[in-house]
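Q: My structure is below; once you've seen it, I'll send some questions.
The values are calculated or read from the model by the stated rules, or taken from the named source; none is laboratory data. Small disclaimer: the values here were computed from a predicted structure and weren't measured. Here Cβ is always computed from backbone atoms with ideal geometry, including for glycine, and neighbour counts include all displayed protein chains.
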Amino acid sequence: MRTNKKIAAFVFLPVFSWIIFAGLIQSRQNTLISEKATTLLPNGKSISDQEKVKYIYVGMEKCASVCHNNEQMGFQYDIMKSGSHSNAFKILVSNKAAHYAKYANLKEKPRESLVCLKCHVTGGDLDSSFFASTYKKEDGVTCEACHKGAFITKAFIPKEADCLKCHNGSAHKMHKFNFKKNCAKIAHPRPVTKT
């Protein structure tokens, strides 16, 4: 009888230990997600526990196919696809990118470095659980980089602080960022409807 108790304890103790350990890890991950979500929100806003819904990035083509590439929406996808943001990932194979990577003492190639990817790819610093099968990192900086967020499901108009998360000269030298002037360069407004 005593031997059976020892065997049961020997079998169940590792299982219960693993369950407790996994629960602690999940709890820590939820805390980290909450902390990261707060830093990703525009204008320093915070979100309640009920609003902490993970946003799944779908990619530019999905945005276009749903409603952002027609006359009513001003062919916003076409405008963005031909703009500089859509080339942000492609530029990471250039000699200039290699120079910046060397200057920043990066050990990996720019296309593989989180230092580069966090600004040159929408959601570049997030894990794969944030992306739908339609998402392509090759699209560079897309609609969702400026109008959504890892825990922001409702579209928003970016403020200067949102842009300065990347346009800040932290990884490589940049021209001084002029929010108004740069927004005009990438503008893709809906056409004014006549009533």
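Q: Does region 122-154 hold any residues that are in a loop (DSSP other than H, G, I, E, B), touching a strand residue (DSSP E or B) at 6+ places or on another chain (Cβ under 9 Å) and aromatic (Phe, Trp, Tyr), and which are they?
A: Tyr135
Q: Output the number of the condition that Gly74 fails; it satisfies all remaining conditions of (1) buried (at least 16 other Cβ atoms within 10 Å of the Cβ); (2) at pLDDT 90 or above; (3) among the small types (Gly, Ala, Ser).
A: Only one criterion in (1) buried (at least 16 other Cβ atoms within 10 Å of the Cβ); (2) at pLDDT 90 or above; (3) among the small types (Gly, Ala, Ser) is unmet by Gly74, namely (2).
Q: In addition: Would you check which residues across region 167-195 are under 23 Å from Cys63 (Cβ atoms) and among the polar types (S, T, N, Q) and list them?
A: Asn182, Thr193 - these are the residues of region 167-195 that are under 23 Å from Cys63 (Cβ atoms) and among the polar types (S, T, N, Q).
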